[in-house]
Amino acid sequence: MIVLIEKGGVILVTILVLSVIALAIVIERLLFFRKNRVDEETIMHRLETTLAKGNFDEALAICETSPSPITNLMKVGIEHRDYSRETIHMAVSDAANLEIPKMERFLPFLGTIAHVAPLLGLLGTVTGNIAAFGVLGAQGVGGGDPAILAGGIAEALITTAAGIIVSIPAIAFYNYLVSRVNHSIIRLENRVNELVLYLKRDER
């Protein structure tokens, strides 16, 4: 491993650092969505039971002690329960828009890593070939040091491979996580409509 890093140079080290960052982002986001999904089902059941009894203060307390995208929306809706349907819907929709950046946290950076990694690999290819052909240009084809020439070519191949290896899973997870965000947004919109109908169920 150390030998490969030495052959790959600074560019390979950069790619490896980006791979660690990408892995950390993927793990953090997966845990975030998993936690929110599990908590949402439990909290929604508690809120429905509490709201059915008309205990709005208790419902607000549940939202405040269990902060999440869905509870933040519920809190806004409950606080505006005395307003019209349109006002409640607008207030909750505005709150939902504030939750979207939280769900998309770090995803732009992950997408950047997915696109930059192969470019860095290509850069390593270019610099490796420059080093290799520099040897040939300085010493001639017959007098070039094979070790130096091989080192330049190795740097080119290693960084190219590393860039592609990092990029492929990064792109796959980026697309998957973006899909999770989109599904979460749709689910939040459905919750908004359900909340408005529930709070104003007695209105004709």
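Dipole size in debye (nearest 20) for region 28-100 around its Cα centre, Lys and Arg Cβ +1, Asp and Glu Cβ -1? Walk me through the numbers on the way to the answer.
Working: 9 positive and 13 negative charges, 48 e Å.
Result for region 28-100 is approximately 220 debye, rounded to the nearest 20.
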*Counting Lys and Arg as +1 and Asp and Glu as -1, what is the net charge of the other residues whose Cβ lies under 13 Å from the Cβ of LEU107?*
+2
*When a footprinting reagent is the concern and you count Cβ atoms within 10 Å, what order do VAL17, VAL76, VAL126 take, fewest first?*
VAL17, VAL126, VAL76
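Hey, fewest Cβ within 10 Å first, where do ILE164, ILE186 land in order?
On the way: ILE164 14, ILE186 10.
The most exposed by this proxy come first: ILE186, ILE164.
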*asked:* Could you list ILE185, ILE27 so that the one with the fewest beta carbons within 10 Å of its beta carbon is first and the one with the most is last?
replied: ILE27, ILE185
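Coordinate-derived values only; no laboratory data. This one's a predicted model, so the numbers in the text were calculated from it and none came from an experiment. Note that each Cβ is placed from the backbone with ideal geometry, even for glycine, and that neighbours are counted across all protein chains shown.
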